[in-house]
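Colleague: Submitted below is the structure of interest, expressed as C-alpha coordinates.
The values are calculated or read from the model by the stated rules, or taken from the named source; none is laboratory data. On a predicted model such as this, the values are computed, not experimentally measured, just so you know. As a convention, Cβ positions derive from the backbone with ideal geometry for all residues, glycine included, and neighbour counts pool all protein chains shown. Protein only, heavy atoms only, side chains kept; ligands, DNA and RNA dropped before computing areas. Shrake-Rupley method; radii C 1.70, N 1.55, O 1.52, S 1.80 Å.
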Amino acid sequence: MIRIGMLTSGGDCQSLNATMRGVAKSLYKLYGGEVEIIGFEDGYKGLIYADYHAMKSSDFSGILTKGGTILGTSRQPFKQMRVPDENGLDKVEAMKHTYRKLKLECLVVLGGNGSQKTANLLHEEGLNVVSLPKTIDNDLWGTEMTFGFQSAVNVATSAIDCIHTTAASHGRVFIVEVMGHKVGWLTLHAGIAGGADIILIPEIPYNIDTVVEALKERNRQGKRFSILAVAEGAISKEDASLSKKELKEKRKNGIVYPSVAYELGAQIEEMTGQEVRVTVPGHTQRGGEPCPYDRVLSTRLGAAAAELIRQKNYGYMVCIKRGEISKVPLEEVAGKLKTVDPDCSIIREAKMVGICFGDE
(Lines give C-alpha, C1' and ligand atoms only; values in the text may rest on other atoms or scores of the structure.)
Protein backbone atom coordinates (compact mmCIF):
# COMPACT_ATOMS: atom_id res chain seq x y z
CA MET A 1 0.00 0.00 0.00
CA ILE A 2 1.34 3.42 -1.00
CA ARG A 3 0.14 6.41 1.03
CA ILE A 4 0.10 9.93 -0.45
CA GLY A 5 -0.55 13.16 1.45
CA MET A 6 -2.28 16.08 -0.19
CA LEU A 7 -2.94 19.69 0.83
CA THR A 8 -4.06 22.99 -0.69
CA SER A 9 -2.34 26.07 0.65
CA GLY A 10 -2.62 29.87 0.37
CA GLY A 11 -5.37 31.78 -1.40
CA ASP A 12 -8.09 29.69 -2.96
CA CYS A 13 -8.96 29.59 -6.65
CA GLN A 14 -11.51 27.99 -8.93
CA SER A 15 -9.65 24.83 -9.95
CA LEU A 16 -8.04 23.43 -6.82
CA ASN A 17 -10.61 20.65 -6.72
CA ALA A 18 -10.16 19.90 -10.42
CA THR A 19 -6.40 19.54 -9.89
CA MET A 20 -6.76 17.28 -6.85
CA ARG A 21 -9.17 15.18 -8.90
CA GLY A 22 -6.56 14.89 -11.67
CA VAL A 23 -3.95 13.67 -9.19
CA ALA A 24 -6.28 11.24 -7.42
CA LYS A 25 -7.91 9.67 -10.48
CA SER A 26 -4.48 9.12 -12.03
CA LEU A 27 -3.12 7.55 -8.83
CA TYR A 28 -6.13 5.22 -8.61
CA LYS A 29 -5.56 4.30 -12.25
CA LEU A 30 -1.87 3.58 -11.62
CA TYR A 31 -2.17 1.77 -8.29
CA GLY A 32 -5.77 0.59 -8.07
CA GLY A 33 -6.65 -0.33 -4.50
CA GLU A 34 -3.02 -0.12 -3.45
CA VAL A 35 -3.03 3.63 -2.87
CA GLU A 36 -4.43 5.67 0.01
CA ILE A 37 -4.74 9.44 -0.13
CA ILE A 38 -4.51 11.43 3.11
CA GLY A 39 -6.05 14.90 2.95
CA PHE A 40 -4.71 17.59 5.28
CA GLU A 41 -7.23 20.18 6.43
CA ASP A 42 -6.57 23.89 5.82
CA GLY A 43 -3.22 23.63 4.12
CA TYR A 44 0.06 23.38 6.01
CA LYS A 45 -1.86 23.97 9.23
CA GLY A 46 -3.27 20.45 8.90
CA LEU A 47 0.22 19.03 8.40
CA ILE A 48 1.59 20.98 11.38
CA TYR A 49 -1.17 20.00 13.80
CA ALA A 50 -1.95 16.56 12.35
CA ASP A 51 -5.47 17.47 11.24
CA TYR A 52 -6.15 15.00 8.45
CA HIS A 53 -8.45 12.27 7.18
CA ALA A 54 -8.25 9.35 4.79
CA MET A 55 -9.99 10.21 1.53
CA LYS A 56 -12.11 7.89 -0.59
CA SER A 57 -12.30 7.71 -4.36
CA SER A 58 -15.86 9.04 -4.10
CA ASP A 59 -14.47 12.26 -2.56
CA PHE A 60 -13.03 13.09 -5.96
CA SER A 61 -16.22 12.52 -7.92
CA GLY A 62 -18.29 15.50 -9.02
CA ILE A 63 -15.66 18.11 -8.13
CA LEU A 64 -14.26 18.92 -11.58
CA THR A 65 -16.58 21.91 -11.85
CA LYS A 66 -16.65 22.83 -8.17
CA GLY A 67 -14.74 25.95 -7.12
CA GLY A 68 -12.82 26.38 -3.87
CA THR A 69 -11.21 23.39 -2.17
CA ILE A 70 -12.81 20.44 -0.41
CA LEU A 71 -9.79 20.29 1.91
CA GLY A 72 -9.94 23.91 2.99
CA THR A 73 -6.95 26.23 2.90
CA SER A 74 -5.10 28.81 4.97
CA ARG A 75 -2.16 31.14 4.65
CA GLN A 76 0.93 30.08 6.57
CA PRO A 77 3.59 32.71 5.74
CA PHE A 78 6.90 31.13 4.78
CA LYS A 79 8.88 33.60 6.89
CA GLN A 80 7.00 32.33 9.95
CA MET A 81 7.67 28.65 9.29
CA ARG A 82 10.88 28.65 11.33
CA VAL A 83 9.23 30.67 14.12
CA PRO A 84 7.69 28.51 16.92
CA ASP A 85 3.94 28.91 17.44
CA GLU A 86 2.40 30.45 20.58
CA ASN A 87 2.95 27.15 22.43
CA GLY A 88 6.57 26.86 21.36
CA LEU A 89 5.90 24.20 18.72
CA ASP A 90 8.58 23.87 16.03
CA LYS A 91 6.40 23.91 12.89
CA VAL A 92 8.94 22.35 10.55
CA GLU A 93 9.68 19.49 12.94
CA ALA A 94 5.94 19.03 13.50
CA MET A 95 5.32 18.70 9.76
CA LYS A 96 8.14 16.18 9.42
CA HIS A 97 6.76 14.23 12.38
CA THR A 98 3.26 14.06 10.89
CA TYR A 99 4.65 12.98 7.50
CA ARG A 100 6.71 10.19 9.04
CA LYS A 101 4.04 9.09 11.52
CA LEU A 102 1.68 8.51 8.61
CA LYS A 103 4.42 6.74 6.61
CA LEU A 104 3.74 8.89 3.58
CA GLU A 105 5.46 8.08 0.31
CA CYS A 106 5.00 11.62 -0.93
CA LEU A 107 3.34 14.93 -0.09
CA VAL A 108 1.46 16.67 -2.91
CA VAL A 109 1.24 20.45 -2.46
CA LEU A 110 -1.09 22.68 -4.45
CA GLY A 111 -0.11 26.30 -3.90
CA GLY A 112 1.39 29.61 -4.97
CA ASN A 113 4.64 31.41 -4.20
CA GLY A 114 4.79 31.03 -0.41
CA SER A 115 3.48 27.47 -0.59
CA GLN A 116 6.18 26.51 -3.10
CA LYS A 117 8.87 27.93 -0.81
CA THR A 118 7.59 25.79 2.06
CA ALA A 119 7.35 22.77 -0.27
CA ASN A 120 11.00 23.26 -1.17
CA LEU A 121 11.91 23.65 2.50
CA LEU A 122 10.28 20.30 3.29
CA HIS A 123 12.06 18.70 0.35
CA GLU A 124 15.38 20.05 1.67
CA GLU A 125 14.45 18.55 5.06
CA GLY A 126 14.30 15.12 3.45
CA LEU A 127 10.60 14.69 2.58
CA ASN A 128 9.38 13.50 -0.80
CA VAL A 129 7.41 16.38 -2.31
CA VAL A 130 5.67 17.06 -5.61
CA SER A 131 3.94 20.39 -6.11
CA LEU A 132 1.47 21.96 -8.52
CA PRO A 133 1.30 25.63 -9.63
CA LYS A 134 -1.76 27.37 -8.20
CA THR A 135 -2.39 31.11 -8.34
CA ILE A 136 -4.79 33.49 -10.03
CA ASP A 137 -1.82 35.86 -10.49
CA ASN A 138 0.10 33.58 -12.91
CA ASP A 139 3.28 34.80 -11.23
CA LEU A 140 5.00 31.49 -10.45
CA TRP A 141 8.44 31.26 -11.99
CA GLY A 142 9.10 28.22 -14.17
CA THR A 143 5.65 27.73 -15.70
CA GLU A 144 3.93 29.52 -18.54
CA MET A 145 0.55 29.13 -16.88
CA THR A 146 -0.86 28.46 -13.44
CA PHE A 147 -4.23 26.88 -12.82
CA GLY A 148 -6.78 29.41 -11.58
CA PHE A 149 -5.42 32.25 -13.71
CA GLN A 150 -7.70 31.90 -16.73
CA SER A 151 -10.79 31.49 -14.55
CA ALA A 152 -9.90 34.71 -12.70
CA VAL A 153 -9.30 36.48 -16.03
CA ASN A 154 -12.81 35.45 -17.08
CA VAL A 155 -14.34 36.91 -13.90
CA ALA A 156 -12.38 40.17 -14.09
CA THR A 157 -13.17 40.52 -17.80
CA SER A 158 -16.86 39.99 -17.10
CA ALA A 159 -16.72 42.79 -14.52
CA ILE A 160 -15.18 45.14 -17.08
CA ASP A 161 -17.75 44.05 -19.69
CA CYS A 162 -20.59 44.89 -17.31
CA ILE A 163 -19.07 48.30 -16.54
CA HIS A 164 -19.08 49.27 -20.21
CA THR A 165 -22.84 49.76 -20.41
CA THR A 166 -23.20 51.91 -17.32
CA ALA A 167 -20.06 53.89 -18.18
CA ALA A 168 -21.43 54.61 -21.65
CA SER A 169 -24.88 55.49 -20.34
CA HIS A 170 -23.60 58.08 -17.86
CA GLY A 171 -20.50 59.28 -19.69
CA ARG A 172 -18.28 58.54 -16.73
CA VAL A 173 -14.75 57.36 -16.09
CA PHE A 174 -14.79 53.95 -14.45
CA ILE A 175 -11.85 52.37 -12.64
CA VAL A 176 -11.98 48.59 -12.20
CA GLU A 177 -9.47 47.44 -9.58
CA VAL A 178 -8.17 43.97 -10.36
CA MET A 179 -6.27 41.67 -7.97
CA GLY A 180 -2.47 41.66 -8.18
CA HIS A 181 -0.25 43.24 -5.52
CA LYS A 182 3.12 42.55 -7.10
CA VAL A 183 2.46 41.50 -10.70
CA GLY A 184 0.05 42.58 -13.40
CA TRP A 185 -0.69 39.50 -15.50
CA LEU A 186 -4.33 39.32 -14.40
CA THR A 187 -4.99 43.02 -14.95
CA LEU A 188 -3.15 42.96 -18.28
CA HIS A 189 -5.14 40.06 -19.72
CA ALA A 190 -8.50 41.14 -18.32
CA GLY A 191 -7.87 44.73 -19.40
CA ILE A 192 -7.12 43.74 -22.98
CA ALA A 193 -9.99 41.23 -23.11
CA GLY A 194 -12.42 43.74 -21.61
CA GLY A 195 -11.43 46.59 -23.91
CA ALA A 196 -10.01 48.85 -21.20
CA ASP A 197 -8.64 52.17 -22.48
CA ILE A 198 -5.97 52.42 -19.80
CA ILE A 199 -4.20 49.56 -18.01
CA LEU A 200 -2.01 50.21 -14.98
CA ILE A 201 0.16 47.43 -13.55
CA PRO A 202 2.89 47.28 -10.85
CA GLU A 203 5.69 46.63 -13.35
CA ILE A 204 5.06 49.90 -15.24
CA PRO A 205 4.88 52.86 -12.82
CA TYR A 206 2.45 55.44 -14.18
CA ASN A 207 2.56 59.20 -14.55
CA ILE A 208 -0.79 60.71 -13.53
CA ASP A 209 -0.35 63.47 -16.14
CA THR A 210 -0.02 60.80 -18.85
CA VAL A 211 -3.17 59.07 -17.62
CA VAL A 212 -5.13 62.33 -17.57
CA GLU A 213 -3.89 63.29 -21.05
CA ALA A 214 -5.11 59.93 -22.39
CA LEU A 215 -8.55 60.63 -20.91
CA LYS A 216 -8.62 64.14 -22.38
CA GLU A 217 -7.64 62.78 -25.78
CA ARG A 218 -10.62 60.40 -25.69
CA ASN A 219 -12.87 63.36 -24.88
CA ARG A 220 -11.44 65.28 -27.84
CA GLN A 221 -12.32 62.30 -30.02
CA GLY A 222 -15.92 62.51 -28.84
CA LYS A 223 -15.74 59.43 -26.63
CA ARG A 224 -17.83 60.21 -23.58
CA PHE A 225 -16.60 57.45 -21.28
CA SER A 226 -13.34 55.70 -20.39
CA ILE A 227 -12.44 52.52 -18.52
CA LEU A 228 -9.26 51.94 -16.53
CA ALA A 229 -8.18 48.44 -15.48
CA VAL A 230 -5.92 49.00 -12.48
CA ALA A 231 -3.97 46.38 -10.55
CA GLU A 232 -4.25 46.77 -6.78
CA GLY A 233 -0.46 47.03 -6.71
CA ALA A 234 -0.20 49.74 -9.38
CA ILE A 235 2.13 52.56 -8.35
CA SER A 236 2.96 56.03 -9.62
CA LYS A 237 6.44 56.93 -10.88
CA GLU A 238 6.71 59.38 -8.01
CA ASP A 239 6.00 56.74 -5.37
CA ALA A 240 8.12 54.12 -7.14
CA SER A 241 11.15 56.40 -6.78
CA LEU A 242 10.78 56.47 -2.99
CA SER A 243 12.29 54.04 -0.51
CA LYS A 244 9.92 51.86 1.49
CA LYS A 245 10.51 54.07 4.52
CA GLU A 246 9.86 57.27 2.56
CA LEU A 247 6.72 55.83 0.98
CA LYS A 248 5.39 54.71 4.35
CA GLU A 249 6.00 58.18 5.76
CA LYS A 250 4.31 59.85 2.80
CA ARG A 251 1.20 57.71 3.16
CA LYS A 252 1.16 58.22 6.91
CA ASN A 253 1.08 62.01 6.54
CA GLY A 254 -1.16 62.22 3.48
CA ILE A 255 -4.80 61.46 2.69
CA VAL A 256 -5.56 57.81 3.38
CA TYR A 257 -7.38 56.12 0.49
CA PRO A 258 -8.88 52.62 0.62
CA SER A 259 -6.70 51.63 -2.35
CA VAL A 260 -4.84 52.96 -5.36
CA ALA A 261 -8.03 52.98 -7.43
CA TYR A 262 -9.68 55.51 -5.10
CA GLU A 263 -6.56 57.68 -5.07
CA LEU A 264 -6.51 57.68 -8.85
CA GLY A 265 -10.20 58.46 -8.96
CA ALA A 266 -9.76 61.51 -6.74
CA GLN A 267 -6.85 62.78 -8.83
CA ILE A 268 -8.69 62.29 -12.11
CA GLU A 269 -11.82 64.08 -10.87
CA GLU A 270 -9.73 67.01 -9.67
CA MET A 271 -7.69 67.26 -12.87
CA THR A 272 -10.46 66.67 -15.44
CA GLY A 273 -13.74 67.52 -13.76
CA GLN A 274 -15.17 64.20 -14.98
CA GLU A 275 -17.24 61.92 -12.79
CA VAL A 276 -15.27 58.87 -11.68
CA ARG A 277 -16.59 55.64 -10.20
CA VAL A 278 -14.55 52.79 -8.75
CA THR A 279 -15.51 49.12 -8.94
CA VAL A 280 -13.62 46.45 -6.99
CA PRO A 281 -14.57 42.87 -7.99
CA GLY A 282 -12.40 41.65 -5.10
CA HIS A 283 -12.69 38.01 -4.12
CA THR A 284 -15.24 37.25 -6.83
CA GLN A 285 -12.11 36.81 -8.97
CA ARG A 286 -11.26 33.73 -6.91
CA GLY A 287 -14.78 32.36 -6.86
CA GLY A 288 -17.19 30.37 -8.97
CA GLU A 289 -16.55 27.34 -11.12
CA PRO A 290 -13.33 26.82 -13.09
CA CYS A 291 -13.44 27.69 -16.77
CA PRO A 292 -12.95 24.91 -19.36
CA TYR A 293 -9.32 25.91 -19.96
CA ASP A 294 -8.50 25.48 -16.27
CA ARG A 295 -10.34 22.15 -16.09
CA VAL A 296 -8.18 20.81 -18.91
CA LEU A 297 -4.95 22.28 -17.49
CA SER A 298 -5.71 20.99 -13.98
CA THR A 299 -6.40 17.49 -15.28
CA ARG A 300 -3.14 17.44 -17.23
CA LEU A 301 -1.07 18.81 -14.35
CA GLY A 302 -2.67 16.37 -11.90
CA ALA A 303 -1.95 13.39 -14.13
CA ALA A 304 1.66 14.51 -14.54
CA ALA A 305 2.07 14.79 -10.76
CA ALA A 306 0.86 11.20 -10.37
CA GLU A 307 3.37 10.08 -12.98
CA LEU A 308 6.21 11.76 -11.07
CA ILE A 309 5.12 9.85 -7.96
CA ARG A 310 5.08 6.60 -9.91
CA GLN A 311 8.62 7.33 -11.08
CA LYS A 312 9.66 8.35 -7.54
CA ASN A 313 10.82 11.61 -9.11
CA TYR A 314 10.48 14.01 -6.19
CA GLY A 315 11.43 17.61 -5.52
CA TYR A 316 9.70 19.04 -8.57
CA MET A 317 6.84 21.37 -9.42
CA VAL A 318 4.78 20.24 -12.40
CA CYS A 319 4.66 23.02 -14.98
CA ILE A 320 3.73 23.86 -18.56
CA LYS A 321 6.35 24.93 -21.10
CA ARG A 322 5.62 25.72 -24.73
CA GLY A 323 2.21 24.11 -24.31
CA GLU A 324 3.58 20.81 -23.01
CA ILE A 325 3.51 19.51 -19.45
CA SER A 326 6.96 19.39 -17.87
CA LYS A 327 8.63 19.73 -14.49
CA VAL A 328 10.97 22.21 -12.80
CA PRO A 329 13.05 21.69 -9.63
CA LEU A 330 11.44 23.22 -6.55
CA GLU A 331 14.71 24.89 -5.62
CA GLU A 332 14.54 26.87 -8.88
CA VAL A 333 10.93 27.95 -8.28
CA ALA A 334 11.13 28.92 -4.60
CA GLY A 335 11.35 32.65 -3.97
CA LYS A 336 11.08 33.74 -7.60
CA LEU A 337 8.34 35.83 -9.22
CA LYS A 338 7.37 35.79 -12.87
CA THR A 339 6.68 39.45 -13.55
CA VAL A 340 5.46 41.24 -16.66
CA ASP A 341 8.35 42.50 -18.76
CA PRO A 342 7.46 46.09 -19.76
CA ASP A 343 9.11 45.42 -23.13
CA CYS A 344 7.37 42.11 -23.84
CA SER A 345 5.35 41.57 -27.00
CA ILE A 346 1.91 41.62 -25.37
CA ILE A 347 2.60 45.12 -23.96
CA ARG A 348 3.83 46.35 -27.35
CA GLU A 349 0.78 44.90 -29.08
CA ALA A 350 -1.59 46.42 -26.54
CA LYS A 351 0.00 49.82 -27.09
CA MET A 352 -0.35 49.38 -30.85
CA VAL A 353 -4.14 49.20 -30.51
CA GLY A 354 -4.12 52.36 -28.43
CA ILE A 355 -4.12 51.15 -24.83
CA CYS A 356 -2.35 53.56 -22.48
CA PHE A 357 -0.11 52.20 -19.70
CA GLY A 358 0.54 55.58 -18.13
CA ASP A 359 4.24 55.57 -18.99
CA GLU A 360 4.40 57.51 -22.25
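Colleague: To the nearest 10 degrees, how steep is helix 292-310 against the longest Cα principal axis of the chain, on a 0 to 90 scale?
Modeller: 30 degrees
Colleague: Another question about this same structure. Cα centroid distance between the stretch 207-273 and the stretch 287-354, in Å?
Modeller: After rounding, the separation between the Cα centres reads 32 Å.
Colleague: Rolling a 1.4 angstrom probe over the protein heavy atoms, how many square angstrom per residue are accessible across the stretch 207-360?
Modeller: Details: 8580 Å² over 154 residues.
Accessible surface, normalised per residue, equals 56 Å².
Colleague: Now, a different point. For MET20, MET352, what's the largest-to-smallest order of accessible area, 1.4 Å probe? Walk me through the intermediate numbers first.
Modeller: Working: MET20 0, MET352 165 Å².
Ranking MET20, MET352 by accessible area, largest first, yields MET352, MET20.
Colleague: A follow-up question, please. Please compute the modelled spin-label separation between LYS96 and HIS53, points set 7 Å along Cα→Cβ, answer in nm with one decimal.
Modeller: 3.0 nm
Colleague: Separate question: For the cross-link pairs LYS91/LYS338; LYS25/LYS96; LYS223/LYS252; LYS56/LYS182, which exceed 32 Å when the distance is taken from alpha carbon to alpha carbon? Could you put the intermediate results ahead of the total?
Modeller: Numbers: LYS91/LYS338 28 Å; LYS25/LYS96 26 Å; LYS223/LYS252 38 Å; LYS56/LYS182 38 Å.
In this structure, LYS223/LYS252; LYS56/LYS182 exceed 32 Å between Cα atoms.
Colleague: For the stretch 12-98, which GluC sites (Glu not before Pro) pass both filters: DSSP loop (anything but H, G, I, E, B) and at most 12 other C-beta atoms within 10 Å? If you can, show how the numbers build up before the last one.
Modeller: Numbers: sites: GLU34, GLU36, GLU41, GLU86, GLU93; in loops: GLU41, GLU86.
Those that pass, being in a loop and sparsely packed, are GLU86.
Colleague: Round to the nearest 10 and report in Å² the accessible area of TYR257, as given by a 1.4 Å probe over the protein chains' heavy atoms.
Modeller: 80 Å²
Colleague: Right, next: For the stretch 11-132, what is the charge dipole size about the Cα centre, in debye to the nearest 20, if Lys and Arg each add +1 at the Cβ and Asp and Glu each add -1 at the Cβ? It would help to have the intermediate numbers written out before the result.
Modeller: Values: 15 positive and 14 negative charges, 56 e Å.
Here the stretch 11-132 has a charge dipole of around 280 debye.
Colleague: Counting only protein heavy atoms and using a 1.4 Å probe, what share of the accessible area of the chain belongs to carbon plus sulfur, as a whole percent? Walk me through the numbers on the way to the answer.
Modeller: Numbers: 7880 of 15930 Å².
Answer for the chain is 49 percent, counting heavy atoms of protein chains only.
Colleague: Kindly provide the trypsin sites (Lys or Arg not before Pro) of the stretch 306-360 that DSSP labels as loop, not H, G, I, E or B, and whose Cβ sees at most 11 other Cβ atoms within 10 Å. Let's see the in-between values first.
Modeller: On the way: sites: ARG310, LYS312, LYS321, ARG322, LYS327, LYS336, LYS338, ARG348, LYS351; in loops: LYS312, ARG322, LYS336, LYS338.
Passing sites in the stretch 306-360 are LYS312, ARG322.
Colleague: Further question: Any chance you could look up the accessible area of THR98 with a 1.4 Å probe, heavy atoms only, rounded to 10 Å²?
Modeller: The value for THR98 is about 0 Å².
Colleague: For the chain, give me the percentage of DSSP beta bridges that are antiparallel, rounded to the nearest 5 percent. Let's see the in-between values first.
Modeller: Details: 11 of 44 bridges.
Taking every DSSP beta bridge within the chain, about 25 percent pair in antiparallel fashion.
Colleague: Averaged over every viewing direction, what's the projected area of the C-alpha convex hull for the chain? Give it in nm², one decimal, please. Intermediate values should be presented prior to the final figure.
Modeller: Details: hull surface 77.0 nm².
Projected over every direction and averaged, the Cα hull of the chain covers 19.2 nm².
Colleague: While we're on this one: Please give the direction-averaged projected area of the C-alpha convex hull for the stretch 127-268, in square nanometres with one decimal.
Modeller: Values: hull surface 43.3 nm².
Its Cα hull, projected and averaged over all orientations, spans 10.8 nm².
Colleague: Could you state how much accessible area CYS162 has, in square angstrom rounded to the nearest 10, with a 1.4 Å probe and all protein chains kept in place?
Modeller: Using a 1.4 Å probe on the heavy atoms, I get roughly 90 Å².
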